[in-house]
1. Suppose we keep only residues that are surrounded by 19 or more Cβ atoms within 10 Å (Cβ to Cβ) and either β-branched (Val, Ile, Thr) or closer than 16 Å to Val251 by Cα (or both) within segment 221-235. Which one would you say is farthest from the chain's Cα centre (by Cα)?
2. Just wondering, is there one or more residues in segment 232-250 that are closer than 21 Å to Leu381 by Cβ, modelled with pLDDT of 95 or more and in contact with a Phe, Trp or Tyr (Cβ under 8 Å, 6 or more places away or on another chain)?
3. Can you confirm whether segment 170-185 contains a residue that is under 29 Å from Lys262 (Cα atoms), part of a strand (DSSP E or B) and under 22 Å from the mean Cα position of the chain (by Cα)?
4. Considering only residues that are in a loop (DSSP other than H, G, I, E, B), out of contact with any strand residue (DSSP E or B) (no Cβ under 8 Å at 6 or more places or on another chain) and surrounded by 14 or more Cβ atoms within 10 Å (Cβ to Cβ), which ones fall in segment 134-167?
5. With the requirement that a residue be over 30 Å from Lys384 (Cα atoms), hydrophobic (A, V, I, L, M, F, W, C) and either modelled with pLDDT of 95 or more or surrounded by 23 or more Cβ atoms within 10 Å (Cβ to Cβ) (or both), what does segment 168-216 give you?
6. Quick one: which strands (runs of 3 or more DSSP E) sit completely within segment 272-345 and have at least 1 residues that are under 17 Å from Glu129 (Cβ atoms), modelled with pLDDT under 95 and of a type in the set (D, E, K, R)?
7. Just for segment 346-385: of the residues that are part of a strand (DSSP E or B) and among the polar types (S, T, N, Q), which one is nearest to Ser158 (Cα to Cα)?
8. Do we find that Leu331 is in contact (Cβ under 8 Å) with a residue 12 or more places away in the chain and closer than 29 Å to Ala249 by Cβ in this structure?
Amino acid sequence: MGNKAGRALRRGVALGLGLVAAWGVSLTADLGDMGGRLRSLGEQPTLAVSLMASQLGELPGREKGLTGWSRLLLDSSPLLKLGEGPVMELRAGREDPAPDTPEVPEPPDSEDEEQPDLRPSRESEGIVEMTGQGKEGSQYLSEGGVYVYNRTGLDLDSSLLGEGTVDVTLGEGPQILIVHTHGSEAYSMSDGDTYEESDPYRTTDCTHNVVRVGEEMATVFRAYGFQVIHDTTLCDYPAYNGAYDRSKAVVEQWLEQYPSIKVVLDVHRDALVGSEGEVYKMVSVEAGQKVAQVMIVLGTDAGGASHPRWKDNMAFALCLQRNLVKGYTSLVRPTVLRKSRYNQQLSPGSILVEVGGHGNTLSEAIAGGRLWADNVARTLLEMKG
């Protein structure tokens, strides 16, 4: 009882001192500007935090408010109440944990239709190596080491990862189709691999752009006995806009000609630029070799377009992803779930595959693409068996 009385007395004295301090501030400031003044004080932990803490005890975390006597004391002091927000913001900022790894910037949704504005190619200056990994919380859904980054704007939880049905039955005839909506996408020339640019980090030379990576992947699939059609049409040239409409026509043509096609891979390369203009190079070290990371992108109906079987596409992609995370250290980045459909409504075995980014070299992309295709081919054989 004596301790409680002592604390009450100390808090009362602290409140009085706090009011005196606030009165002192009011002598040099118009009361209408008091909120701004106290916000300024809130940015100075020596005065603001100690003042609030002396009245209220240990300040609560960002998820907690003030309760009980602390709230009563604060409410009895209009001047100090004005400063509650800034101090709580300061406190919350201090409690934000530093991320284990830097955040990988994601391209804006407008990239689906508009060509990214990339700086002209130059040597390795400004290129930053990163390894994209999932994390708990935020917009990530996770299950068994598989991470899905939710960019749909939909309120989703990890139970989603168990939904959908894998509807990919591989029989006789062509089974896998590889296309390139943005086939002119190319890589950094920093390893001596040079090409004539059609735009920064783009070329129509299919021995140096992402079409080359698609052919390397097709070679791996064929080595496992799969029949593969690799369509090398540059759907983004000479015009970037409308590329998905043109690649849709390509896919529809092949599906009509060969109904046996059950897996459709739209192979791209990513474009990741930091706030200061730095170019990100997504890498993993597998068996001592530096390779480009690979990412699966899945469409949904969140953008308003009809895509009734998007969860089946997701189920197929996650089946692949589960084996990929078992087979390699960090070859795959978290799967990304987005608003657009990416023509995946055409087949429940359709996925978009990003092999590296424009900061990676062609040799890194080829190595990463081949490893990814090797693991996926073995998964498809299991499904076929």
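1. My answer is Val228.
2. So far as segment 232-250 goes, no, none of its residues is closer than 21 Å to Leu381 by Cβ, modelled with pLDDT of 95 or more and in contact with a Phe, Trp or Tyr (Cβ under 8 Å, 6 or more places away or on another chain).
3. Yes, segment 170-185 has at least one match.
4. Once the filter is applied, which keeps residues that are in a loop (DSSP other than H, G, I, E, B), out of contact with any strand residue (DSSP E or B) (no Cβ under 8 Å at 6 or more places or on another chain) and surrounded by 14 or more Cβ atoms within 10 Å (Cβ to Cβ), segment 134-167 yields Gly164, Val166, Asp167.
5. Scanning segment 168-216 gives Ala186, Cys206.
6. Of the strands (runs of 3 or more DSSP E) lying wholly inside segment 272-345, those with at least 1 residues that are under 17 Å from Glu129 (Cβ atoms), modelled with pLDDT under 95 and of a type in the set (D, E, K, R) span 279-286.
7. Ser350
8. No; evaluated as a whole, the condition is false for this residue.
The values are calculated or read from the model by the stated rules, or taken from the named source; none is laboratory data. Since the model is a prediction, treat every value here as computed from it, not as a measurement. Please note: Cβ atoms are built from the backbone with ideal geometry, for glycine as well, and neighbour counts cover all protein chains shown.
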